[in-house]
Amino acid sequence: RPGQNHHPAGPSTPPSSPPTQSLSVQRQLYERDFPLYKQPVEVGHFSLDSERRFFNDARQLRYYVEPEKSCPNFDLRDGYRGRFVKRDDRVKEKLDHILRWILANRSKLQSKDTAASSSPCALGVDIVTWRGHLTKLLTTPYETREGWLLAVTRMGGTLYISEVETEAARRDRENRTERHEEMMYWGYKFEQYTCADDAQSLPDPGGVVNTNEAFCTVVQTRLAEHRLLFSGEVDCRDKDPKAPSPPANYIEMKTSLEISTPKQRSNFYRFKLLKWWAQSFLPGVPRIVAGFRDHDGVVVSVETYHISKISQLIKNETNCWKPTVCMNFCCEFLSFVKSVVTEDNPRVVHLFSWDPHRDVTYSIHSDSQYSFLPDCSDHAVVS
Ligand code: A3P
Ligand code: MG
Ligand code: MG
């Protein structure tokens, strides 16, 4: 079996043949028609408060307030020392918040087509994961720097996918420069300048930035034959009460260095817009509001990007990314995972591993440090 390779778009594997050992990430293999991606539907949401406690409601959802001037001069450094509570990123939450949401909202998932489905499973979905993990899959064919590790367990017929921090990522996290630490704050500070707690009030730039706080949407959709349930953090919503229903009223906030040279523009299109597009396209968030800042963290302009227009925007860029490659690769990875992870057992983890310029491979672990699902057999998720 070694050397066998999962061939994207090849003839379908007969059920009796052994699973293949690796998956190629080469872009040209994925340049074909855009796969079916159903309009994501919000099936619920949850909030994490200032102490990272879970609430099955929208208490942390904020409302976008458009800056008064096109050149707002927001100082993103303000409050870094003194009005900043940083989430402890050494704590690995795995899928815990999503599992908690599922336990509290099982009835909403008993979809009509579950009984009729050819592959019935307890939840009526094939894949449960974080949106951020799917974003990493979408961008993999274009990623040259950072690899990933994804732990996968099958339980009740559903595949749960949870990221594991790579050694390189841990080293980077433990060795961030003071400048980098501060710059990670700037994105959250921009949100504070532009988001209010309710539709009637104004942002409070004098308050504390606490990155434990989050509002997360839970969406259901389908990528080709894969029924997906995933959650992702949402920065804010349109405050107009007549705005469309979620996720169409959600807005993603971003910051980026101001663009002053053709080279910077090209890099922005080729690298940053790829990540921005993948993150928001997945949950059906239609708009990004971007604050462009200078080297001192002062926002000098604000621009809106419509996700549906990004593929047009990048078309004239040479060596640019293609949405279809991203989606076809993700789809093929999920098929690969399904063919490999056949044992239904919360104590077994298949660890899928990818490094730039390599194929995706995997290893198998029983009762290991990688297990991430509760293993009591009477657990409500499977029963
Ligand atoms: P920017 O998006 O302006 O960079 P998100 O944009 O996903 O809502 O995340 C909010 C902010 O968290 C980011 O703002 C950035 O400051 C910080 N952040 C998110 N992911 C990060 C990462 N992988 N590394 C460093 N900072 C990150
Ligand atoms: Mg966010
Ligand atoms: Mg954001």
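Below are the figures for this structure:
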{"item": "Amide proton proximity set for N210, modelled H, under 5 Å, gap of 5+", "result": "V85"}
{"item": "For H45, distant residues with modelled amide H under 5 Å away", "result": "V218"}
{"item": "Where N is the number of residues in the range 250-383, Cα Rg divided by 2.2 N^0.38 Å", "result": "1.44"}
{"item": "The chain: calculated mean residue ellipticity at 222 nm from DSSP helix runs of at least 4, using -39500 (n - 2.57)", "result": "-6500 deg cm²/dmol"}
{"item": "Counting DSSP beta bridges with both ends in the range 241-306, the antiparallel % (nearest 5)", "result": "50"}
{"item": "Estimated distance in nm for a label pair at I259 and D204, the labels positioned 7 Å out from Cα along Cα-to-Cβ", "result": "3.6"}
{"item": "Cβ charges +1 (Lys, Arg) and -1 (Asp, Glu), total dipole of the range 279-376, debye", "result": "420"}
{"item": "Cα-only radius of gyration and Dmax that characterise the chain, units Å", "result": "21.1, 64"}
{"item": "Potential extension, K315-D375 segment - 0.36 nm per residue separation minus Cα distance", "result": "16.8 nm"}
{"item": "Whole-Hz couplings from phi, Karplus 6.51/-1.76/1.60, listed for the range 39-53; x for Gly and Pro", "result": "3, x, 10, 6, 9, x, 7, 8, 10, 10, 8, 4, 10, 6, 7"}
{"item": "Within the range 78-219, percent of DSSP bridges classed antiparallel, to nearest 5", "result": "65"}
{"item": "Rounded if a/c under 1.5, otherwise prolate or oblate - the range 140-270, Cα gyration tensor axes", "result": "oblate"}
{"item": "Protection-proxy order for peptides 197-204, 59-66, 158-165, each taking the mean of Cβ atoms within 10 Å per residue, highest first", "result": "158-165, 59-66, 197-204"}
{"item": "Gyration tensor verdict on the range 257-324 (Cα atoms; rounded if a/c is under 1.5, prolate if a/b is larger than b/c, oblate otherwise)", "result": "oblate"}
{"item": "For S22, distant residues with modelled amide H under 5 Å away", "result": "H6"}
{"item": "By average C-beta atoms within 10 angstrom, highest first, the peptides 364-373, 166-175, 278-287", "result": "278-287, 364-373, 166-175"}
{"item": "Under the Karplus curve 6.51 cos²θ - 1.76 cosθ + 1.60, θ = phi - 60°, whole-Hz ³J(HN,Hα) for the range 304-320, x wherever Gly or Pro sits", "result": "9, 10, 8, 4, 5, 9, 5, 5, 5, 4, 8, 4, 8, 7, 7, 6, 9"}
{"item": "Low-density loop cleavage sites - trypsin sites (Lys or Arg not before Pro) in the range 214-269, where at most 10 other Cβ are within 10 Å (DSSP)", "result": "K242"}
{"item": "Viscosity 1.306 mPa s, 10 °C: Kirkwood-radius Stokes-Einstein D of the range 202-282 over Cα pairs, µm²/s", "result": "101"}
{"item": "Bridge type composition, the chain - antiparallel percent by DSSP, nearest 5", "result": "70"}
{"item": "Cut-off 11 Å (backbone N to label point 7 Å along Cα→Cβ of A104), residues of the range 206-231", "result": "216"}
{"item": "Debye, to nearest 20: dipole size of the chain, +1 on Lys, Arg Cβ, -1 on Asp, Glu Cβ", "result": "660"}
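All of the numbers you see were taken from the coordinates with simple rules; none came from a lab. Quick caveat, the model's predicted, so the values are computed rather than measured. Glycine gets a Cβ as well: all are built from the backbone with ideal geometry, and neighbour counts include every protein chain shown.
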